[in-house]
């Protein structure tokens, strides 16, 4: 198993500074050679040396980023395998592009905790650390899983599911022709298969176009803005996003859905979720909003808890204190332009003083302080993104491209290659697409055959 | 009243398709073997379709033959029709199918068994297993015979608590009105086995002279048929018999719909789970109501019988409705029904209770094979039978068990699916169940499995010598075609023009030329004949292996990955409760299935890649600790 080459971004998500991509495995050097351009090729470098150069797209020669390359040959490396580390400029675009290139030229995206796992399996880490390794794999997988699950609910997964439905119907059709040769199912023509392949390729192209525009998945620390109705949540979002997206009115309960915005605050990328005010309500539409708000609260990696300091603490707010107990929280005391009705001590019972920011959102006051608090928390490592969201974007693009290539191969064969061999490519495409949404069960093909066709002795 | 009735190395219970292969394999491997069955007239009986082979199933027959089993040889002696199916598709899915003379088939196999050294065939109803300290040590029959056996193979087919259903008529019975086996089922339950209730069915049989064949379509056999066994050199002398195709009519569908209230399928009488791939006619018409007609094949059951099998009309409708259904079909208007179709329910054991050797996890030295493991089909049964026989014999001889993996054969796919995933319905092999379909061709079954058959001792020296010769010829010829150059000479260009393919500009190696869709080995031979006298089969191998090398290599790469996972063994004494970090669901499944390798573990549903990673880390830790302890 430990024979392939893996790659991953190994610095945390953030803007500015430097990011690092690590590659480990027998082909680490040769894969790097294909995309690294400098005085010396990666393969010509001495072990444990650094070389300055450029990462370029090999086909077009397009420059992606200027980088520093470090080579550590086996066995003197963290994993005891050949390891290459590419240090590039921080920020998402070039890091993602480099990772994408590595995957295209033969590396596999590392599983959660896989570098550490390899280090362990190759005897680099002491036995006593085995348990730690297991914990690491578990926790990272669980997080990756919860992120994957989040994506499954989105429109991406709907599109992939319908795409896979086209393919599985086609596959069932092919299989039934193979396993029931004498059965009177309609004839499967090359034209029919070609048509389905073309249709699927078109759908993948549409997805890829969106993905490249960054629409499949936007990255950032999931940040929920919570609070009772009309304490200024939407105003805060607008202030941070500097555009009027959420509807701002004086009527409590206007934000009935979760609104998302992507912003960079103090160099930290945030995915802001403005939520409906959390309160007990009988309005059905508002109730749905409240439900969704609770869900985004669960997902949140950072909570901006907005209070109206002009009103005494409400029972709903005491309840919310409990709900956010295990979260990273910044408490915002809004409306400092009005007289204070909340004692700061009431808040600092649960939260430290650094976590409390006074603002008058209406008057643009306190924004800088908020930015400073967010940046501090991030760079001290208190808040951290569940990395896999931005990595999974790269992963998605990679898988979509793979699926597309398989379908193109199948399409090329639709005038002379026997259908059971075309099926190999179609099946590969179907499985790669399944991996995007975390589902690759082959039993469903057999279910499909028997539900689509009437067979029997 | 019990009495001591002898001692054997291997006792096989049931002489159906699984039992016959199990008993023959064990006896041929030198074990004193007893084959005991309820009725000696039912040895190797085909209670349903008088046919062997087809996609995936035919592949299994060839694999059985490559391992030194009997099914292939026996059908080659007793077929009445042979057809190669799927010839318009790739070589991997070409599939041979035979119509059997079901009486000759039985007689021939019974004769082989009777003449086999070390093998005793005996009539008797086994009612109890002798089990001491979790080890099976023999059997007790209804007549009180206590027979000691070092290992026991159970191949009970549909006999376990069998129950026949035709409309309102329901009675305890094995297939074809045989005595069912009731007490053995109770015995298995009391030993702690989980049993499930499955259902299958068979169509009515009709008299040949009452069929109007002019209203049907003839389906002849192949003019130059291929055979199942790699040993068969010559076919039967007699002429092949045709089958006949007709269709259900609107009247058929009306009759069925009008009588659904009397259908046991829908009245709740049937508890057992039936196979989706083999629905009854009433099920087909209800589930696919928009389909105006269904195919019906009329198949002779033998050369010297007038009984015809009505394929496509499996049913458990009442007898009077069955006759009406039959007579609504073109060609069968005046048909005489000789046997009524029926559904049969039976007990099977949940197959995840087995090791991949087919030995049960609960009771050592007890093996099960065939329909008792939840499968359906003669070929699936025989494939398990030979493996159970081999492993029971090897256990007696204190040798390592033999497990065919998923890249080696459909038999491996079948057994791995059963013991790893279990099954919710009678399990049928399909080529789509195999990941490496292109490698598991019926034409290369000998290349895949004959070395194993030879090692086990089921392949003779002579046959093995021929096999090695064949393998060398193929390899040498492939090497030759990769090196020799075909030059753009007029004689070559003429042929290429005629074939409507591009002319040569420069010399190319013969292998590259053969990869063109229009070119076959015959053409290469015209340009550059081999010095070796190659057989048709050898030439076929050369052509397939070169022509599809791109796809084949892709699959071989996948197989390499599979083998790495399969080679990472999991110690049988591992306690999954001690492995921290594995998800609860996965832990339960792993403790239940107890996979023998990481490969098998990864195929259990509900076990995630993260669980496998953790298990790998744990195993590394475990092995080091064990090694440190010495």
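Values quoted throughout were computed directly from the atomic coordinates according to the rules given, and no laboratory measurement underlies them. Note that the structure is predicted; figures quoted are calculated from it, not measured. Neighbour counts run over all protein chains shown; Cβ positions are idealised from the backbone, glycine included.
What the table below lists for this structure:
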item: Fewest-first ranking of B:304, B:171, B:410, B:436, using other Cβ atoms within 10 Å as the exposure measure; result: B:304, B:171, B:436, B:410
item: Shielding score for B:608-616, defined as the mean number of other chain Cβ atoms within 10 Å; result: 6
item: Inter-chain shielding of B:620-629 (mean C-beta neighbours from other protein chains, 10 Å cut-off); result: 2
item: For chain B, calculated [θ]222 nm from helices alone, where every DSSP H run of n ≥ 4 adds -39500 (n - 2.57); result: -11500 deg cm²/dmol
item: Calculated SAXS-style log₁₀ I(q)/I(0) at q = 0.11 Å⁻¹ - chain B, Debye, Cα scatterers; result: -1.15
item: Packing-based order for B:275-288, B:371-384, B:515-528, using average beta carbon neighbours within 10 Å, highest first; result: B:371-384, B:275-288, B:515-528
item: Computed E for residue B:475/residue B:560 - FRET, C-beta separation, R0 22 angstrom, nearest 0.05; result: 0.65
item: Contour excess over end-to-end distance, with Cα ends at residue B:197 and residue B:537 and 0.36 nm allotted per residue; result: 118.0 nm
item: Peptide B:282-295 - average C-beta neighbours from other chains (10 Å radius); result: 2
item: Rg over Rh, two decimals, the protein assembly as shown (C-alpha only, Kirkwood Rh); result: 1.03
item: Bridge type composition, the protein assembly as shown - antiparallel percent by DSSP, nearest 5; result: 65
item: Two-decimal Rg to Rh for the stretch A:76-127 - Kirkwood Rh, Cα set; result: 1.04
item: Exposure proxy ranking, count of Cβ atoms within 10 Å, fewest first, for B:317, A:72; result: A:72, B:317
item: Likely footprinting exposure, B:96, B:40, B:619, fewest C-beta neighbours within 10 Å first; result: B:40, B:619, B:96
item: Chain B: relative contact order as a whole-number percent, Cα under 8 Å and 6+ apart; result: 17
